[in-house]
Amino acid sequence: MTVASGFFFPEAPRWRDGQLWFSDVFGGLVYSWDSETGDLAQQASIPGRPSGLGWTPDGDLLVVSTIDRTLRRADGTVVADLNPVSDSKINDMVVDDDGTAYIGNDGFDLEARAPERPAQILRVSPDGEVSVAADGLRFANGMVITPERRLIVAETWGRRLSSFAVSHDGSLDDQRVFAELDAGSPDGICLAPDGRVWVADPMGRRVLLVAEGGAIGHVVDFPGYRPTACVLDDTGTRLFVCTAPSIDPAKVQARPGGEIVVVDLG
């Protein structure tokens, strides 16, 4: 069921206090959608293409601005400039409980069809210090942090999910493969209550539930759409999925055909 529509490219959905939050990348806006009233509210304007979202311990909304490679607050204030450590667009993000932000980059200019280069996970400490937390990834995309203190990242071009141990100082180590996918392109992800991971696969036009080791427990097909990211509500029974008619920037910017779809898992 579609709950909201008319977006260019919805991405990075988050669930917070009974509301769905998400970015419309090519629309330059961040929205919230109230699950009780159905009201849609604009929460931020980020001309540099908003993507990953997260909150500080004090409740400030953080937004990744992909084109200018900055991390900003909802009012546009720059929290950190990632240009000194990233020479490609930055993308999705997960924010740890202490306010440390982990942001993936593409590694290369996909829109210009440039040759693939290794991607990174960049770390922004609560005081704004920027560093490289991990390197050698194949297009770092959606991320989650598990209760066991492991960061799981979707490597879109690698067709896999990888995981790292999150150390007390915020560094990442002990890299391992969480799951290999036989096809598709893992994009946005979210954590299920049992430790499995929901994965949006725009190339495969599906969202799938993946266990560590690669076993697939559930598949939701989206014929005619490209699911880019997903998130569960606080009950774990509704999966909200961002969809777009295409992943071609020129096509999605020509017509606002993006939607938010909810899948009842109950």
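The values are calculated or read from the model by the stated rules, or taken from the named source; none is laboratory data. Remember, predicted model here, so these are calculated numbers, not experimental data. A quick note on method: Cβ atoms are made from the backbone with ideal geometry, for glycine too, and the neighbour counts reach across all protein chains shown. Only protein heavy atoms, including side chains, enter the accessible area calculation; ligands, DNA and RNA are left aside. Shrake-Rupley method; radii C 1.70, N 1.55, O 1.52, S 1.80 Å.
Of note:
- Debye intensity ratio in log₁₀ form over the Cα atoms of region 177-266, taken at each q of 0.17 Å⁻¹: -0.68
- For region 117-237: rounded, prolate or oblate by the Cα gyration tensor [a/c cutoff 1.5]: prolate
- In this structure, residue 1 and residue 175 have a Cβ-Cβ separation that, at R0 = 45 Å, corresponds to a calculated FRET efficiency of about 0.70.
- The percentage of C-alpha pairs in region 49-99 whose separation is greater than 16 Å is 32%.
- Accessible area expressed per residue, region 67-196, with surrounding protein chains retained (probe 1.4 Å, Å²): 44 Å²
- With both labels modelled 7 Å from their Cα along Cα-to-Cβ, the residue 41 to residue 205 distance reads 3.7 nm.
- Quotient of the Cα radius of gyration of region 1-97 and 2.2 N^0.38 Å, N being its number of residues: 1.05.
- Rg and Dmax of the chain, Cα atoms only, in Å: 16.6, 46
- Normalising by residue count, region 103-164 has a Cα convex hull of 87 Å³ per residue.
- With at most 13 other Cβ atoms within 10 Å, longest stretch of the chain clear of loop trypsin sites (Lys or Arg not before Pro) (DSSP): 150-266
- Value in Å of the Kirkwood radius, where region 153-216 supplies the Cα pairs that are averaged: 12.1 Å
- Largest to smallest accessible area among 51, 5 [probe 1.4 Å]: 5, 51
- Of the GluC sites (Glu not before Pro) found in region 142-213, those in coil by DSSP whose Cβ has at most 10 other Cβ atoms within 10 Å are 148.
- Note on residue 113 and residue 221: the model spin-label points, each 7 Å out from Cα along the C-beta direction, lie 3.0 nm apart.
- Compactness index (Cα Rg / 2.2 N^0.38 Å), region 56-149: 1.05
- Of the accessible area of region 72-214, computed with a 1.4 Å probe over protein heavy atoms only, carbon and sulfur atoms account for 46 percent.
- Stretching residue 148 away from residue 78 to a fully extended chain increases their span by 22.1 nm, per 0.36 nm per residue minus the current alpha-carbon distance.
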